[in-house]
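What follows is calculated from the coordinates using simple rules that are stated; it is not laboratory data. Treat the numbers as computed from the prediction; the structure is a model and nothing was measured. For neighbour counting, all protein chains shown are included, and Cβ atoms are generated from backbone atoms with ideal geometry for every residue, glycine included.
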Amino acid sequence: MDDTMKKLKINIVTTRVLHELKQKHFSICFIESCDAVLGKKLIPTSKYKMLYALHCVDWADMLPDVRKFATETIQEYYNTDNLIEVMGIKEESDEEEPKMPMRQKKEAKPRKKSGNRQCVQSDMHKIQEVGKDDSMAGSEDEQEEVEDATRETK
């Protein structure tokens, strides 16, 4: 499998994780579907069983330490750096010519490419913030920021 397909799979998984963490409740199904896309189980069985017990529990109903465990476990295994490593994507040279992201307006300036290992920090920040308040959906600006960051990993 070429790196383009691997990057697409990472973007699909990242999109799914972010979508699920905005929901009112936790669903183990997204972990299973993400693992199916990647072709590997990322979370160790002992942690997976604990997450499985939380299936369909509202984030707001979880005790703080339980919510923290769930979000930190998801962040640990489904962050961009780990997914790049799991998928075996080769590091790109920082000197490579920047490419315009897909669907970018013509008048936009190209972004400087910083390599595959740049973690989508805004995505991970959202994962850490899940459950801290009752609002799971981000603002339009936050959603655009996530979309831009996801395109940068391509």
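Packing, as the average of other Cβ atoms within 10 Å across residues, places the peptides 66-72, 35-41 in the order 66-72, 35-41, highest first.
Using a cut-off of 21 Å between Cα atoms, the listed pairs Lys7/Lys40; Lys6/Lys47; Lys9/Lys40; Lys9/Lys41; Lys9/Lys90 include Lys6/Lys47 as exceeding that distance. Annotation: extensible slack from Tyr52 through Lys24 equals 8.4 nm (criterion: 0.36 nm per residue apart, minus Cα-Cα distance).
Can you tell me the length gained on complete extension of the stretch Ala36 to Ile12, counting 0.36 nm per residue apart and subtracting the Cα distance? Each step should come with its number before you reach the end.
Numbers: separation 24, 0.36 × 24 = 8.64 nm, distance 1.14 nm.
Gain on stretching Ala36 to Ile12: 7.5 nm.
Rounded, prolate or oblate, given the Cα gyration tensor of the stretch 20-62, with a/c below 1.5 counting as rounded? Please report the intermediate quantities before stating the final value.
Values: a/c = 3.19, a/b = 1.53, b/c = 2.08.
Because a/c hits 1.5 or more and a/b fails to exceed b/c, the stretch 20-62 counts as oblate.
Let's test the formula: R0 of 22 Å, r as the Cβ-Cβ distance of Met1 and Glu85. What FRET efficiency results, to the nearest 0.05? Kindly include the intermediate steps, with their values, before the conclusion.
On the way: r = 15 Å, r/R0 = 0.69.
Given R0 = 22 Å and the Cβ-Cβ separation, E is 0.90.
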